[in-house]
Amino acid sequence: MLLKVVSPDKILYKGEVSLVQMPGEMGSFEVLNNHAPIVALLGEGKVKVIDKQRNRILLDIPGGVVHVRNNNITIVTSPGK
């Protein structure tokens, strides 16, 4: 899967991943390969990423929106505090 995490002023992360866990407005959820299409609001918290080499990456976000379709995940977040 290709993950892009962007804010208005920069790309925070871009790369191939095997898992993404996000702080949804209604609770945490994960996206794995071949996930159904979804658009969801994200709350403030950490995005946990497991990349193809099994490295664990944590990204702090102040909230945002995620769009998942055809193994492409795009998280759009606002600039940090």
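See the values below:
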{"item": "Extended-chain gain in nm, criterion 0.36 nm per residue less alpha-carbon gap, Val39 and Glu16", "result": "6.3 nm"}
{"item": "Calculated Cα Rg over 2.2 N^0.38 Å (choose from (i) 1.30; (ii) 0.97; (iii) 1.89), label", "result": "(ii)"}
{"item": "5 angstrom amide H check on Ser18, placed H, neighbours 5+ away", "result": "Ile50, Asp51, Lys52"}
{"item": "Rounded FRET efficiency, nearest 0.05, which uses the C-beta distance separating Met26 from Asp51 and R0 of 30 Å", "result": "0.70"}
{"item": "GNM flexibility winner over the chain from Ile61, Ile11, Ile50 (Cα, springs under 10 Å)", "result": "Ile11"}
{"item": "Bridge type composition, the chain - antiparallel percent by DSSP, nearest 5", "result": "85 percent"}
{"item": "Mean separation of Cα contacts under 8 Å (6+ apart) over length of the chain, as relative contact order %", "result": "32 percent"}
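A short reminder: the numbers here are calculations on the coordinates, not readings from a lab. What you are looking at is a predicted structure, and each value in this text was computed from that prediction instead of being measured. Reconstructed Cβ throughout: ideal geometry from the backbone, glycine too, with neighbour counts over all protein chains shown.
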